[in-house]
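Notes to accompany the following structure.
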Amino acid sequence: MAITEYEDKIKDIVENLDKEEFIFEFLGVYSKIAKSTITKLRKGTNNLSKVPGEYHLKNKLYFKQVSGDTLQAFTDLINKISQQNVNPRYIMVTDFKNLIARDTKTQETIDIDFKKLPRNFEFFLAWNGIEKADFERENPADLKAAERFAKLYDTLLKDNVCMLFSK
C-alpha cells in the first residue's frame with residue numbers, strides 16, 4: 001500500500017466514525033494484521049481482555065475506549081499492563097476527541113486530537129513491519145509528493161489518452 005493510502009483510509013474511518021467498529025477498521029488499514037485475526041478480536045475469541053471497551057491483541061495492541069479523562073485512563077492502563085506482565089506493541093486510549101498511544105518498543109507516545117489521527121499514521125507502521133528507523137530513512141514528504149504526482153500522472157494519462165493517439 002502506498003504511504004498516502006494509509007492516511008486516506010484512516011481519514012475515511014475518522015470522518016465516518018463508528019465507535020464500536022473503530023479499532024477493527026483501524027487495524028484493518030495495516031495489512032500485516034490478518035483479517036481473520038481482526039474478526040476473532042471482534043468476536044472476542046482472541047481478545048485477552050475481558051473488560052468491556054478494552055481489546056488486547058497479544059503482542060500487537062491494548063486498546064481502551066473511555067468516556068472521561070483519557071490521560072488518567074492511559075496512566076491506569078499502563079499500570080495495569082505492567083502488573084500483568086504482557087507486552088503489546090501499542091497501548092492506545094481514546095474518547096474519540098483525544099487519542100493517546102504509546103509504542104512500547106520505542107517508548108514514543110502521541111497525545112493528539114482524534115481528528116489528527118490520519119496525519120499520524122506512520123506512528124503505527126510497525127504493524128506492517130516498517131520500523132521508525134526504516135521509515136525515516138526516506139523523507140515522508142518526498143514519498144507523499146512522489147506518490148501524489150504518480151496519482152496525478154495516472155489521472156491525466158487516463159483522462160487524456162484519446163489526445164495521445166489522435167495525432
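Below 10 angstrom from the Cβ of LEU57, what's the summed charge of the other residues (Lys, Arg +1; Asp, Glu -1)? The partial results should precede the final answer.
On the way: positive: LYS40, LYS58, LYS60, ARG89; negative: none.
Every neighbour counted, the sum reads +4.
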### Query
In nm, what is the difference between 0.36 nm times the number of residues separating LYS116 and ASN87 and their Cα-Cα distance?
7.8 nm
### Query
From Cα coordinates alone, what are the radius of gyration and Dmax values for segment 3-165 in angstrom?
18.1, 68
### Query
If contacts are Cα pairs under 8 angstrom and at least 6 residues apart, what is the relative contact order of the chain in percent?
21 percent
## Note on the structure
Between ALA34 and LYS158, Cβ-based FRET efficiency (R0 25 Å, step 0.05) works out to 0.15
### Query
Lys/Arg Cβ at +1, Asp/Glu Cβ at -1, dipole of the chain taken about the Cα centre: which of ASN98, TYR6, ILE38 is farthest positive-ward?
ILE38
### Query
For the chain, what is the percent of antiparallel DSSP beta bridges, rounded to the nearest 5?
75 percent
### Query
In nm, what is the difference between 0.36 nm times the number of residues separating GLU21 and VAL51 and their Cα-Cα distance?
9.2 nm
## Note on the structure
Low-density loop GluC sites (Glu not before Pro), segment 12-116, at most 16 other Cβ within 10 Å, DSSP non-H/G/I/E/B, are GLU20, GLU21
### Proxy reagent accessibility, fewest Cβ within 10 Å first, across TYR90, TYR62, TYR30
TYR90, TYR30, TYR62
## Note on the structure
Out of LEU125, LEU156, LEU27, a Gaussian network model of the chain with alpha-carbon springs under 10 Å gives the largest mean-square fluctuation to LEU156
### Query
For the chain, modelled as a GNM with alpha-carbon contacts under 10 angstrom, which of PHE114, PHE74, PHE63 fluctuates the most?
PHE114
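Read-outs throughout are calculated quantities, based only on the coordinates presented, and are distinct from any laboratory measurement. Everything numeric in this text was worked out from a predicted model, so none of it was measured. Virtual Cβ from ideal backbone geometry, glycine too; neighbours counted across all protein chains shown.
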